[in-house]
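Nothing in this text is a laboratory measurement; each read-out follows from the coordinates by a stated rule. Since the structure is predicted, the reported quantities are computational estimates derived from the model, not experimental observations. FYI the Cβ positions are ideal-geometry reconstructions off the backbone, even for glycines, and counts take in every protein chain you see.
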Amino acid sequence: MPATSLVCAPYRLVISTCYGELTVQELKSAGASLRNHAEFRPGFRQLIDLSHVVKLDLHFRDLYQLKHADDPFSNEGKRAVFAPNDLSFGMSRMYQLILNTARFEVFRSLADALAWLELDPATLEDVLQNPTENPARCLSQQPNLSDS
């Protein structure tokens, strides 16, 4: 399970977490799953957590293609990447340059990412600890990786 997303419509928020080795195919699959999620809207805010990624098998052309064909988000909502290590930070900055929007930022600190998204840490903790307490509030979505 290299990528999961939690869609929380009442907060207009998607929390995406990536694990292990991440490839372009997994990112495409995750984007397709989000796009097809009943509660997802392209203008939602997004927190992308890359702190659990150990390897990124991505190149500039992959990121460019993701932006133009597979990224389900618009430039309407703010998107923050938490990328504490050098490789994930560098790749995220490259994607930021490709997106060319002031609504996408990359941070080495989770606290800074949350502050930029105007998301209270207590709210994030509540969403992450209790996503199934009220199923209508937040719906988990994991990508279909059977195509990989």
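Numbers below:
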item	result
In order through segment 111-126: 3J(HN,Hα) via Karplus (6.51 cos²θ - 1.76 cosθ + 1.60), integer Hz, x for Gly, Pro	4, 5, 5, 5, 4, 5, 6, 6, 10, 5, x, 5, 5, 4, 4, 4
Helix-only [θ]222 nm of the chain, DSSP H runs n ≥ 4, -39500 (n - 2.57) each, per residue, nearest 500	-9500 deg cm²/dmol
Theoretical gain in end-to-end length, SER109 to ARG93 [0.36 nm per residue, Cα-Cα removed]	4.3 nm
[x] 12.3; [y] 8.8; [z] 8.0, with the label sought being that of the calculated mean projected area of the Cα convex hull in nm²	[z]
Dipole-positive endmost among PRO84, PHE104, THR23 within the chain (Cβ charges, Cα centre)	PHE104
Charge dipole (the chain, unit charges on Cβ, about Cα centre) - positive-most of ASN75, THR4, VAL53	ASN75
Order of ARG45, ARG35 under a 10 Å beta carbon neighbour criterion, fewest first	ARG35, ARG45
Nonlocal amide H pairs with ARG79, under 5 Å, H built at 1.01 Å	GLN46, PHE104, GLU105
Inter-label distance, nm, simple model (7 Å from Cα along the C-beta direction), THR123/HIS52	2.3
